[in-house]
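Each remark here refers to the structure printed beneath this line.
The values are calculated or read from the model by the stated rules, or taken from the named source; none is laboratory data. Quantities reported herein were computed from a predicted structural model and do not represent experimental measurements. Using ideal geometry, Cβ is built from the backbone for each residue, glycine included, and neighbour counts are taken over all protein chains shown. When the accessible area is computed, the model is the full protein with side chains, heavy atoms only, and any ligands, DNA or RNA have been set aside. Shrake-Rupley method; radii C 1.70, N 1.55, O 1.52, S 1.80 Å.
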Amino acid sequence: MITRSADVNSVRKLLQKTARPLALVPTMGALHEGHLQLLRAARAKVGPQGTVAISIFVNPIQFDKASDLENYPQPIEEDLALCEAEGVDLAFTPERESLYQSDHSVIVQESLLTRHLCGASRTGHFDGVLTIVLKLFNILQPDFAIFGQKDFQQLALIHRMVRDLNLPVSVIGHPTVRAADGLALSSRNSRLQAHERADAARIRRALLAARDLRTSGEQNPQIYLNAARHHLLIDCPESFSIDYLELVDAETLQLVPTVTKPSFLATACFYGGVRLIDHIAL
Ligand code: PAF
């Protein structure tokens, strides 16, 4: 039976009698198969006697656009039913007011890994992500925290925060889950119009086409970027646009002058107001 808590103080009390180890899956809800796989990975990590906790909270301070926050899907009852079916032990579903004081003034800011990709295109986004993740770690004190690798910049930043702030939690990345046509699963996919959803596999196709150049030993980043851009834009719907397309070092997330070390080719694209991200390792 799932226990639901919407309040920081009551979840703290619950945790005193909660079985350990505890694995946390932080989410913003609108759960899909990708999240369910994170919950299964959490259960595999802690075993049947341990605790699997989920947080469901649409974190206002990580949204750079008010319209994106307003339109973010929040099917809380469906989400809780899915958690119940997955055998989740604890669902933390806080209200905004219980997490953020009206005059809150402390945030977590990272200054290196945020320079490019989503860090550059969504000002303040990762300050919001790191702040809420640190708050969740402090409140729920997980032994493990599981995140999707789709958001690889987010995952790298959380690893960095845990390292640099000596947080006593082990962070685990879980492989991206994809639809049959290759589109990375995301809560935002449900906001695409039917023709956009049918088209959206172009993002994965473009990254795969660019990666194919790796077999010829190509080292010039521009060649990869040109190939991906071509496949992203060819015969695309009117509502489609590229937010960014960048090639970064897999460890430092800085732009690379030549592709000689493990790198990520990463993109964020829009269908109208719906922003989708994906990446591929080179
Ligand atoms: O990846 C997400 O869903 C969010 O960024 C997270 C980690 C739950 C923080 O709000």
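What does the charge count around PRO262 come to, taking other residues whose C-beta lies under 14 Å from its C-beta (Lys +1, Arg +1, Asp -1, Glu -1)? Before the final figure, lay out each step's value.
On the way: positive: ARG211, ARG214, LYS261; negative: ASP249, GLU251.
Value of the local net charge: +1.
Just the number please: accessible area per residue for segment 106-174, 1.4 Å probe, all protein chains included, in Å².
Values: 2870 Å² over 69 residues.
About 42 Å² of surface per residue is accessible.
Whole angstrom only: what separates the Cα centroid of segment 104-169 from the Cα centroid of segment 37-77?
15 Å
Give the long-range amide H neighbours of VAL108: residues separated by 5 or more places, or on another chain, with amide H under 5 Å away, using H modelled in the peptide plane at 1.01 Å from N.
THR131
Using modelled backbone amide H atoms (1.01 Å from N, in-plane), which distant-in-sequence or interchain residues come within less than 5 Å of THR51's amide H?
Correct list: LEU22, ALA23.
Could you state the angle between the C-alpha long axis of helix 125-140 and the longest principal axis of the C-alpha atoms of the chain, as a value from 0 to 90 degrees rounded to the nearest 10?
Tilt of helix 125-140: around 30 degrees.
What number does the chain give for Rg over Rh if you use C-alpha atoms and the Kirkwood radius?
0.97
Could you work out how far helix 221-233 tilts from the main Cα principal axis of the chain, as a 0 to 90 degree angle to the nearest 10?
Roughly 80 degrees, rounded to the nearest 10.
Can you give the angle from 0 to 90° between the axis of helix 152-164 and the longest principal axis of the chain, with both taken from C-alpha atoms, to the nearest 10?
Taking the Cα atoms of the chain, the angle to 152-164 is about 50 degrees.
At a temperature of 20 °C and a viscosity of 1.002 mPa s, determine how fast segment 6-68 diffuses translationally according to Stokes-Einstein, using the Kirkwood radius over alpha-carbon pairs as Rh; express D in µm²/s, rounded to the nearest whole number. Don't skip to the end; give the middle numbers.
Working: Rh = 13.3 Å.
It diffuses with D of about 161 µm²/s by this estimate.
Quickly work out the ARG96-to-ASP68 label distance, labels modelled 7 Å from Cα along the C-beta direction, and quote it in nm with one decimal.
Rounded to a tenth, the inter-label distance reads 1.6 nm.
I want to verify a result. In a Gaussian network model of the chain, Cα cutoff 10 Å, which of these has the top mean-square fluctuation: GLY128, GLY34, GLY217?
Maximum among the listed residues: GLY217.
At a 1.4 Å probe, what is the % contribution of carbon and sulfur to the accessible area of segment 116-175?
Carbon and sulfur atoms account for 51 percent of the accessible area of segment 116-175.
Could you give the accessible area per residue of segment 199-272, probe 1.4 Å, as a whole number in Å²?
Heavy-atom accessible area per residue stands at 48 Å².
Which value, in Å², gives the accessible area per residue of segment 5-88 when a 1.4 Å probe is used on the protein heavy atoms?
Working: 3850 Å² over 84 residues.
Ligands and nucleic acids excluded, the result is 46 Å² per residue.
Taking H as built 1.01 Å from N, whose amide H comes closer than 5 Å to the amide H of PHE240, not counting residues under 5 places away?
GLY272
Is segment 27-118 best put as rounded, prolate or oblate by its Cα gyration tensor, with a ≥ b ≥ c the root eigenvalues, rounded for a/c under 1.5, and otherwise prolate when a/b is larger than b/c, oblate when not?
Working: a/c = 1.80, a/b = 1.56, b/c = 1.16.
Prolate, since a/c reaches 1.5 and a/b exceeds b/c.
Compute the length gained on full extension between GLN16 and THR3: take 0.36 nm times their separation in residues and subtract their Cα-Cα distance, giving the result in nm to one decimal. List each step's numbers first, then the result.
Values: separation 13, 0.36 × 13 = 4.68 nm, distance 1.38 nm.
Between GLN16 and THR3, full extension yields 3.3 nm more.
State the Kirkwood hydrodynamic radius of segment 95-240 in Å, one decimal place, computed from all pairs of distinct Cα atoms.
Values: mean 1/r = 0.0554 Å⁻¹.
This gives a value of 18.1 Å.
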